[in-house]
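What follows draws every value from the coordinates through simple rules; no lab data is involved. Quick caveat: nothing in here was measured; it's all calculated off a predicted structure. Cβ sites come from the backbone with ideal geometry, for glycine too, and all protein chains shown count toward neighbours.
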Amino acid sequence: MYFTDRGIEELQSRRGDDEVTLEWLADRLQVFVDLHPEFETAVERLATWLARDDSDDD
């Protein structure tokens, strides 16, 4: 198990039943980057990957 898996599992257990918009997610990612600018590249890569994931369009 990767260290990041613990954070993902916590997200699932705490917020797994929540419904959110992509606008909300984008706002939260921006706040995170503002607070932790050293993670800007990783957040940008994640956001780009999520934006370009077309597998659900079938």
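Table for the structure above
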{"read-out": "Matching residues, region 38-53, being among the acidic types (Asp, Glu) and within 11 Å of the chain's Cα centre (by Cα)", "value": "GLU44"}
{"read-out": "Output for region 6-30, where each listed residue is exposed (fewer than 10 other Cβ atoms within 10 Å of the Cβ), of a type in the set (Asp, Glu) and not in a loop (DSSP other than H, G, I, E, B)", "value": "GLU23"}
{"read-out": "Near pairs, Cβ below 7 angstrom, 6+ apart or cross-chain, from region 29-50 (in contact (Cβ under 8 Å) with a residue 60 or more places away in the chain) to any residue that is of a type in the set (Gly, Ala, Ser) and surrounded by 10 or more Cβ atoms within 10 Å (Cβ to Cβ)", "value": "none"}
